[in-house]
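The structure appears right after this line, and notes come after that.
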Amino acid sequence: MNIRQIMIWFVVFAGFLAASAARAEPVALRVHQATAVPPRITAYATVEDETGASVTDVTAAQFSATVGDHPAKVETVHVFAASDEGLAYLFLVDLSRSLKDSEFTQLRKALTEWIGTLRPQDRGALLTFSEQVRLEQDFTADKAALQKKITALRLHGQETHLHQGLIRALELGRRQGTDLPQRRVIVVFSDGMDDAIGNATRTEVIEALKVDRVPIYAVGLYSPPKTAAKEQGLKALGELARLSGGGYQDGAATPLATALAALRQRLGQTLVIPLHCTAC
């Protein structure tokens, strides 16, 4: 098969050696995404200590790997932020009126600032959802064009097609293209509520993740007061994010700009782990 890129989720690491006692020991390894151009496979992962903080001081000698039943050689390990590799961001924004205009203004400002930090090799796309899912801006390296689209966003509609928006983002995340980076992430801003009649279901999102496993990083938003329904929506959103290989960031517990800065740092601390699998 002549395949330029394959999203895979069955990369399994074992045999991680204990770190020195001088610093926190790694206790968890999470593989977020992998791309394959056989016999080379590139895994994107984080090593975390017992507090959940990223551990980046690791070497290739501390890993062993298998792909299915096949052994693979770990060639190198390096931190993503220190590489010249690009990242394709899919920003998925909830426009339903579950948020207040003042809160949404803060979101537009914080997201515009994030776009300003993108590097020349990065790409960004903007999807929105409320009563329908809309591609506001396809992948582009033009930060000004993307910021203009974000600035123009306004809340509208009473229904929320969150699940359909996630499925559409996953479809875009598997797009082939020589100008698109291999690494892809979906960043969704929402309260996790999906109240559209006849909309795509949570089960359909989970099924789509089995085919298009692009990590979802969810930023949970809500307008006070927090109710049982809002808590359930945020919980469900976090579960989908973790299931995808991504994570959840509380966008209400701290200033939104602070929360997004923490998420950007987290993405930059991802480890890039090239593998060589001759039998794959």
Which shape class, rounded, prolate or oblate, goes with the chain when its Cα gyration tensor gives a ≥ b ≥ c as root eigenvalues, a/c under 1.5 marks rounded, and past that a/b bigger than b/c marks prolate? prolate
The helix 228-244 Cα axis meets the longest alpha-carbon principal axis of the chain at an angle in degrees, between 0 and 90 and rounded to 10, of 30
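For the chain, give the magnitude of the charge dipole about the Cα centre (Cβ charges: +1 Lys/Arg, -1 Asp/Glu; no others), in debye to the nearest 20.
Numbers: 30 positive and 30 negative charges, 89 e Å.
It works out to roughly 420 debye.
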Area of residue 131 that stays accessible when all protein chains are in place (1.4 Å probe, Å², to 10): 100
Within the chain, what is the number of lysine pairs with alpha carbons under 15 Å apart, leaving out pairs fewer than eight places apart on the same chain? 7
Report the local net charge at residue 252: Lys and Arg +1, Asp and Glu -1, summed over other residues whose C-beta lies under 11 Å from its C-beta. -1
Considering only the chain, what is the antiparallel percent among its DSSP beta bridges, to the nearest 5? 60
Counting only the backbone N, which residues of the range 176-216 are under 20 Å from the spot 7 Å out from the Cα of residue 227 toward its beta-carbon? 190-198
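For a Förster distance of 41 Å, can you work out the FRET efficiency between the beta-carbons of residue 101 and residue 60, rounded to the nearest 0.05?
0.25
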Percent relative contact order of the range 55-174, based on C-alpha pairs within less than 8 angstrom and at least six residues apart? 26
Which whole-number percent gives the relative contact order of the chain, counting Cα pairs below 8 Å spaced six or more residues apart? 25
If one compares the long axis through the Cα atoms of helix 101-116 with the longest principal axis of the Cα atoms of the chain, the angle in degrees, nearest 10, works out at 30
Please work out the FRET efficiency for the pair residue 27 and residue 75, using the Cβ-Cβ distance as r and a Förster radius of 22 Å; give the result to the nearest 0.05. 0.35
Ellipticity estimate at 222 nm from DSSP helix runs (n ≥ 4, -39,500 (n - 2.57)) divided over the chain, nearest 500: -8500 deg cm²/dmol
The range 130-258: relative contact order from alpha carbon pairs under 8 Å, six or more residues apart, as a whole percent, is 24
Taking 70, 32 and ranking on accessible area (1.4 Å, protein atoms only), highest first, one gets 70, 32
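The values are calculated or read from the model by the stated rules, or taken from the named source; none is laboratory data. Note that the structure is a prediction, hence the values are computed from the model and not measured. Glycine gets a Cβ as well: all are built from the backbone with ideal geometry, and neighbour counts include every protein chain shown. Please note that ligands, DNA and RNA were not included when accessible areas were found on the heavy atoms of the full protein model with its side chains. Shrake-Rupley method; radii C 1.70, N 1.55, O 1.52, S 1.80 Å.
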